[in-house]
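Below you'll find the structure, written out as structure tokens, and then a few comments.
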Amino acid sequence: MFYKGLSMNPTLQDFDELYLMSYDKRRIRVGDVIVFVPPDRDEKIVHRVITVGEKGIRTRRDNFRMGFDRWLLKPSDIIGRVIYAERGRRRLRVFGGLIGQMHVILIGMRRISISALSFIFGYLYRGTARAGIFKGWVKTRVFVFNKRIGKEIYILAGSRLIGRYGAGKGYIRRPFRLFVGRDFLKQ
């Protein structure tokens, strides 16, 4: 079976080939990544088990932005447990049980850390770029082309395109905004 979607990122990625093992008489564990057909659909879904109880089995996506599943599954809805994902030439083990639970916690902590660091460093980066402290440290060349739709501006550092402006839109790639002011827009 091939995986497609965002719900299990970063554990699984588009076009990972999944290897399954049926449960037979094995116990379904919290933390397992399972393939199932939910009660209200006919398509196969891959999510992680978060609770196993008398009322049923509840799942969720590893991609936290997408939240919990609304359905309760019965063991008969489950096709099997994902044990490997093949990505290109690499075979990656997909852990379940306690290790799977810890994996989800680490994913969440990583996301929170990245968000916090992005916020802090993004704020510092934008402030430093606006202040122009490092302006001029990187030698740049600006090319202006007159086109039918208006001026198009290209900014190069050596032979590398680091920025482009035209038709009211534009960008300067990170980290080059630290070294390039917007003086070229006045041309």
Exercise. Under a point spin-label approximation (7 Å from Cα along Cα-to-Cβ), what is the Arg174-Arg70 distance to one decimal in nm?
Worked result: 3.6
Problem set entry | With at most 15 other Cβ atoms within 10 Å, longest stretch of the chain clear of loop GluC sites (Glu not before Pro) (DSSP) | 55-187
Problem set entry | Label-point separation in nm, Leu106 to Arg164, each point 7 Å along Cα→Cβ | 3.9
Problem set entry | Of the trypsin sites (Lys or Arg not before Pro) in region 36-66, those whose Cβ has at most 14 other Cβ within 10 Å and which sit in DSSP loop | Arg41, Lys44, Lys55
Exercise. So how do Val94, Val35 line up by other beta-carbon neighbours within 10 Å, fewest first?
Worked result: Val35, Val94
Exercise. Using the count of nearby Cβ atoms within 10 Å as a rough guide to exposure, how do Leu156, Leu161 rank from fewest to most?
Worked result: Leu161, Leu156
For this session: Please report the base-10 log of the normalised intensity I(q)/I(0) for region 90-187, using a Debye sum with one equal scatterer per alpha carbon and no solvent, at each q in 0.14 (1/Å).
Result: -0.68
Problem set entry | Exposure proxy order (Cβ contacts within 10 Å, fewest to most) of Thr128, Thr140 | Thr128, Thr140
Seminar exercise, completed: Semi-axes of region 141-186 from the Cα gyration tensor (sqrt of 5 times each eigenvalue, largest first, whole Å) come to 18, 11, 9
Problem set entry | Loop-located chymotrypsin sites (Phe, Trp or Tyr not before Pro) in region 106-187 whose Cβ has at most 13 other Cβ within 10 Å (DSSP) | Trp137
Exercise. At Phe145 and Ile28, where each label point lies 7 Å from the Cα along Cα→Cβ, what is the point-to-point distance in nanometres?
Worked result: 5.8
Problem set entry | Extension gain, Ala116 back to Val138 (0.36 nm per residue minus Cα-Cα distance, nm) | 5.0 nm
Exercise. Gly163's amide H: which non-local residues (gap 5+, or another chain) put their own amide H closer than 5 Å, with H modeled 1.01 Å from N in plane and none for Pro or chain starts?
Worked result: Ile155, Arg173
Exercise. How large is the convex hull of the Cα atoms of region 17-102 per residue, expressed in Å³ as a whole number?
Worked result: 106
Problem set entry | Calculated FRET efficiency for the pair Phe2/Ala157, C-beta based, R₀ 35 Å, to 0.05 | 0.30
Problem set entry | Cα-based equivalent ellipsoid of the chain: semi-axis lengths in Å, sorted from largest, via gyration tensor | 50, 18, 15
Problem set entry | Amide H within-cut-off set for Lys151, under 5 Å, with H built and near neighbours excluded | Ala167
For this session: Report the net charge of residues surrounding Gly80, where surrounding means a beta-carbon distance below 11 angstrom and charges are Lys +1, Arg +1, Asp -1, Glu -1.
Result: +1
For this session: Report the local net charge at Asp32: Lys and Arg +1, Asp and Glu -1, summed over other residues whose C-beta lies under 9 Å from its C-beta.
Result: +3
Seminar exercise, completed: Note, region 6-20: 3J(HN,Hα) by Karplus (6.51, -1.76, 1.60, θ = phi - 60°), whole Hz, Gly/Pro = x, goes 10, 5, 10, 5, x, 4, 10, 10, 3, 6, 5, 8, 9, 10, 10
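Coordinate-derived values only; no laboratory data. Owing to the predicted nature of the structure, the values given are computational and were not obtained by experimental measurement. A quick note on method: Cβ atoms are made from the backbone with ideal geometry, for glycine too, and the neighbour counts reach across all protein chains shown.
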